[in-house]
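Note sheet for the following structure.
Bear in mind that the values in this text are calculations on the coordinates, not laboratory data. If you're wondering where the values come from, they're calculated on a predicted model, not measured in any experiment. Virtual Cβ from ideal backbone geometry, glycine too; neighbours counted across all protein chains shown.
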Amino acid sequence: MSVIELNDVSVTFHEAGRTVEAVKHVSLSVEKGEIFGIVGFSGAGKSTLVRTINLLERPTGGKVLIDGTDITGIKGAELRELRKKIGFIFQGFNLITNVTVGKNIEFALKAGGYPKAQWQERIRELLQLVGLENKIDSYPSSLSGGQKQRVSIARALANKPEILLCDEATSALDLETTEGILALLQRINRELGITIVFITHQLDVAKQIFDRVAVMENGVVVEQGNTFDVFSSPKHPTTKALVERYLGIQVPPQLVPSLPAGTIVELRYKGDAALEPLISRVAQDYGVSIDVLHANVEYFGSQAIGILIVLVAGKGESLSQALAQLRTHVFSYRELDRKQLAAATEQGGAKPAETQEA
């Protein structure tokens, strides 16, 4: 069942005498209880799109439906009621700096009309949930970035929302702190059944927690689907560029000119194939030498996506058969000349060029 539906949504701004189309005819749905991701490079329109869900940005075209109800035109008390159902977590925390952690959450409870007699109990409950029960009287200035974001999460959950919107909620945090925040959000999703929409430019985030994902570029959703499927077999150049940046080739450029004779091959594999000892088996079966120049395997949930750059050296029919065997066991096979390899290493990743898919 879809809890959020965006039907042909557009957002256009008029500023300084020019028209900016920030979001262009986007349609997507988010299922109840899932973690849905929106990814893309800076300026893609991700933040503007997610803000249409709670009408922080009003669509200039199309419809936004929550639980099947068109909310696009609601205002006043009706809009305030809607926003109780939708929590929002900002990248910059947006805490009130001159009041305590407890007062920050109290502000949200008051704004949402939560029964005053239950405020203190609810504040303690929320701080326990995010692991900050001993920080109720602390001020934001005394907290680390991760702690500030945990307070922000507690505040967003104050009025028991059904939906949680996260706008680059981890991009200002270090890796270890990010891991903790993502684990907390997964627990909130799992234990409270809250639907989460999370926007990011970080594939590290996407691979860990997204059930499904939409990729944006220039205000348009260019690709969407199951997270593993989208990133293991990207179709659009933007998705390919995101994956290349993440799984990119890292062969030292100075090594390329001195490589021995042979065929350089880029192999991409996914799922169970990533766990097979393919290279050693092919080398043994066909009497060829296979040197691994670069290897990277990443897990999206429990499923693997990997890239290998290998140098295959052999003669005649044995070499041809070895290359054919490699081709049949991967979903993407591409032979590179030294110029292409050098260009790829200088950019930190291979260009999303044509591949041959099995």
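In angstroms, what radius of gyration and Dmax does segment 150-290 have, counting Cα atoms only?
Cα-based Rg and Dmax for segment 150-290 come out at 20.2, 66 Å.
Using only DSSP helix segments of four residues or longer, with each worth -39500 (n - 2.57), what per-residue ellipticity at 222 nm results for the chain after dividing by its residue count and rounding to 500?
Details: 12 runs with 123 residues, N = 358.
Estimated from H runs of four or more residues: -10000 deg cm²/dmol.
Could you work out how far apart the two model spin labels at residue 329 and residue 186 are, taking each label as a point 7 Å from the Cα in the direction of the beta carbon, and quote it in nm?
3.0 nm
Based on DSSP H assignment, which helices of the chain show an axial Cα extent of at least 24 Å together with a mean Kyte-Doolittle hydropathy greater than or equal to -1.0?
Numbers: long enough: 175-192 (25 Å, 0.08).
Long hydrophobic helices here: 175-192.
Can you pull the one-decimal nm distance between simple spin-label points at residue 284 and residue 160, each 7 Å off the Cα toward Cβ?
6.1 nm
Using Cβ contacts closer than 10 Å as the measure, can you line up 216, 1 from fewest to most?
In order of increasing Cβ crowding within 10 Å: 1, 216.
For the pair residue 56/residue 81, report the inter-label distance in nm, with labels modelled 7 Å from Cα in the Cβ direction.
The two pseudo-label positions are separated by 2.3 nm.
Which FRET efficiency, nearest 0.05, do residue 25 and residue 138 yield, Cβ-Cβ r, R0 51 Å? Mind dumping the intermediate values first?
Numbers: r = 46 Å, r/R0 = 0.90.
With R0 = 51 Å, the Cβ-Cβ based efficiency is 0.65.
Once the cut-off is 27 Å, how many percent of the Cα-Cα pairs in segment 2-244 end up in the long-distance tail? Don't jump to the answer; show the numbers that get you there.
Details: 10512 of 29403 pairs.
Tail of P(r) above 27 Å: 36 percent of Cα pairs.
Sequence gap at least 6, Cα distance under 8 Å: using those rules, report the relative contact order of segment 64-219 to the nearest whole percent. Mind showing how you got there, number by number?
On the way: 183 pairs, mean separation 41.7, N = 156.
With pairs under 8 Å counted, the relative contact order is 27 percent.
Over all Cα pairs of segment 1-83, how is the pair count split among 5 Å bins, expressed in % and running from 0 up to the last occupied bin?
Per 5 Å bin, starting at zero, the Cα-Cα P(r) for segment 1-83 comes out as 3, 14, 25, 25, 19, 10, 4, 1, 0 percent.
Dividing the alpha-carbon radius of gyration of segment 166-238 by 2.2 N^0.38 Å (N being the number of residues), what value is obtained?
Details: Rg = 12.9 Å, N = 73, 2.2 N^0.38 = 11.2 Å.
For segment 166-238, the normalised Cα radius of gyration is 1.14.
Find how much the distance from residue 321 to residue 67 grows on full extension, using 0.36 nm per residue of separation minus their present alpha carbon separation; answer in nm with one decimal. Mind dumping the intermediate values first?
Working: separation 254, 0.36 × 254 = 91.44 nm, distance 5.62 nm.
So the chain would gain 85.8 nm between residue 321 and residue 67.
State the antiparallel share, in %, of DSSP beta bridges confined to the chain, rounding to the nearest 5. Could the numbers behind the result be given before it?
Numbers: 49 of 67 bridges.
About 75 percent, rounded to the nearest 5.
Using a 7 Å offset from Cα along Cα-Cβ at residue 338, what residues in segment 284-314 end up with backbone N under 20 Å from the label point?
289-294, 309-314
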